[in-house]
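Structure first, then comments.
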Amino acid sequence: MKYMGSKNRIAKHILPIMLEHKTEDMVWVEPFVGGANMIDKVEGKRIGADLNEYVISLLNQMSKPNYKSPEINEEKYKDIKKYPNQYPRWIVGYAGTQLSFGATWFGSYRRDKQGKRNYCQEAQNNVNKQSKNIQGVKFIHSSYQDLEIPKNSIIYCDPPYLNTNDNYSNSFTKEDTIELFKTLEETKCKYAVSEFDHSLMYDIADNYNLNLI
C-alpha cells in the first residue's frame, strides 16, 4: 500500500541483511509498521505496531481473508476527512493514505487532470494484492515504548526521518531516536533501524555505546 517513507522499492536490498540474522523460531517485529511494505515480505511469526490507530485498523481489516478495498470518490473522501468519527476507522485509514496525494495524511484527493489514470482503481488493486501477504500478522495500535516484544525477536524500526522538512518527521527528534535505541537495547534482541542520515545514526550509536546490525 502507498505510505509516506515506504521501503517497498528497496525492500529487496535491505531485507536480506536482516533476515540473515533471523532463525525460524524468531518473531519479526516492526514497531513502526506503517504501510506494512516490509513485513509483508517476511515469513513466520510477525508483529506490526504503529501509533496511527486508523492505519492499524486498516491493516487488521486487510489481513482478513477475502478482503476487498472500498471505492471512494472525491466527494466521499472529503466527507471522511471532515467527519472521520462517522466512518469505520479502517475506512478512514484507507482514505487518508491510499487516496491522498503523495500518501500525505488527508492532504488532497489523488486525481489525474489528464484523465489517463484511475488512482482509485490503482489503490484498490495494490491493497487487494498486498492483503494476502499480511494474513496472520498481529497488528497492534501501540507506541514503540509500550509494545510488548517477545524475547526471541528480531526487530526492524523505520521511524520518521530526522532533519527533514515535511510533516512526516515533525513528531520525531534526535532525542526520540536516542530513546528508541536505548529501548531496543533493553530488549536484548537483534534489531535494525532505518535512517536517511547514516552518519548521525552511527554518531548516536557510538556516543551511547549502542549496537547496530
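Being in contact (Cβ under 8 Å) with a residue 60 or more places away in the chain and not in a loop (DSSP other than H, G, I, E, B) is a property that Met1 lacks.
Taking the conditions exactly as written (charged (D, E, K, R) and buried (at least 18 other Cβ atoms within 10 Å of the Cβ)), does Arg46 satisfy them or not? Yes. Check whether at least one residue in the stretch 10-18 is in contact with a strand residue (DSSP E or B) (Cβ under 6 Å, 6 or more places away or on another chain), open to solvent by 60 Å² or more (accessible area, probe 1.4 Å) and in a helix (DSSP H, G or I), and report yes or no. No, the stretch 10-18 contains no residue that is in contact with a strand residue (DSSP E or B) (Cβ under 6 Å, 6 or more places away or on another chain), open to solvent by 60 Å² or more (accessible area, probe 1.4 Å) and in a helix (DSSP H, G or I). Among the residues making up the stretch 58-101, those that are hydroxyl-bearing (Ser, Thr, Tyr), crowded, with 20+ Cβ neighbours inside 10 Å and in a loop (DSSP other than H, G, I, E, B) are Ser63, Ser69. Pairing each residue of the stretch 68-88 that is at negative phi with any residue that is aromatic (Phe, Trp, Tyr) and part of a helix (DSSP H, G or I), provided the two are 6+ apart or on different chains, yields C-beta distances under 8 Å for Ser69/Tyr94; Pro70/Tyr94; Ile72/Tyr94; Pro84/Tyr54.
Being more than 24 Å from Asp146 (Cβ to Cβ), open to solvent by 40 Å² or more (accessible area, probe 1.4 Å) and among the acidic types (Asp, Glu): is that true of Glu53 here?
Numbers: more than 24 Å from Asp146 (Cβ to Cβ): no; open to solvent by 40 Å² or more (accessible area, probe 1.4 Å): yes; among the acidic types (Asp, Glu): yes.
So Glu53 fails the test.
Within the stretch 102-142, which residues are open to solvent by less than 30 Å² (accessible area, probe 1.4 Å), in a helix (DSSP H, G or I) and over 16 Å from Gly35 (Cβ atoms)?
Cys120
The values are calculated or read from the model by the stated rules, or taken from the named source; none is laboratory data. If you're wondering where the values come from, they're calculated on a predicted model, not measured in any experiment. Glycine also receives a Cβ, built like all others from the backbone with ideal geometry; neighbour counts cover every protein chain displayed. When the accessible area is computed, the model is the full protein with side chains, heavy atoms only, and any ligands, DNA or RNA have been set aside. Shrake-Rupley method; radii C 1.70, N 1.55, O 1.52, S 1.80 Å.
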